[in-house]
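Below is one structure, written out as structure tokens; the observations come after it.
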Amino acid sequence: MDESLNLVLFSGTDDKLQAAAVLTAGAAALGRPVNIFLQYWALDAFRATKIGGDHGLAPEAGAAGRVAVDALARAGQATWAETLRQAKSLGGVDIEACSLSMDLLRLGTLDLDPLVDGVEGVTAFYLNAGDGQIVFI
């Protein structure tokens, strides 16, 4: 199975980043290449100074969602960043920052956590995606 999974991450909340990390890990475990394109608030969460912090949850999670997520963390569930590091160790996972979002947030490559492999534009993302599935989170 060599069709890539291509994720466009826009949201920077921990629940959505965790969902993306789990999809990435599953695809990587099956040997599928994964291309992740970080835009706006997802990119902001990948700052070296912010990656380990609390990024909140999507509004629809509500108070019950916060309780559930905190319980999973206490039970030892890996953070989204740890899950992505594990997926990358399997190979075939490429994480790229959107060049436009880098400009918007006034970031340089040294501002980003080492999980991020580089910076590219949307055209390069589409070229790398080929005929693979694209998921927007």
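Some points to look at:
- Leading residue by the ranking (farthest from the chain's Cα centre (by Cα)) among those in region 84-101 that are in a helix (DSSP H, G or I) and buried (at least 19 other Cβ atoms within 10 Å of the Cβ): SER101
- Any chance TYR126 is aromatic (Phe, Trp, Tyr) and over 14 Å from the mean Cα position of the chain (by Cα): yes
- Candidate set: region 72-83, residues that are surrounded by 15 or more Cβ atoms within 10 Å (Cβ to Cβ) and either among the hydroxyl-bearing types (Ser, Thr, Tyr) or out of contact with any helix residue (DSSP H, G or I) (no Cβ under 9 Å at 6 or more places or on another chain) (or both); chosen: the one nearest to LEU23 (Cα to Cα): THR83
- Here VAL67 clears all of (1) under 21 Å from LEU115 (Cβ atoms); (2) among the β-branched types (Val, Ile, Thr); (3) surrounded by 10 or more Cβ atoms within 10 Å (Cβ to Cβ) except the condition numbered (1).
- Hits in region 119-137 (condition: closer than 16 Å to ALA97 by Cβ and aromatic (Phe, Trp, Tyr)): PHE125, TYR126
- Count - residues of region 9-36 that are buried (at least 21 other Cβ atoms within 10 Å of the Cβ), of a type in the set (D, E, K, R) and farther than 21 Å from CYS98 by Cβ: 0
- Within region 108-137, restricting attention to residues that are hydrophobic (A, V, I, L, M, F, W, C) and touching a Lys or Arg at 6+ places or on another chain (Cβ under 7 Å), the residue that is surrounded by the most Cβ atoms within 10 Å (Cβ to Cβ) is LEU112.
Where a number appears in this text, it was derived from the coordinates with a stated rule and is not lab data. As the structure is a prediction and not an experimental result, all values here were calculated from the model. We place every Cβ from the backbone using ideal geometry, glycine too, and count neighbours over all the protein chains shown.
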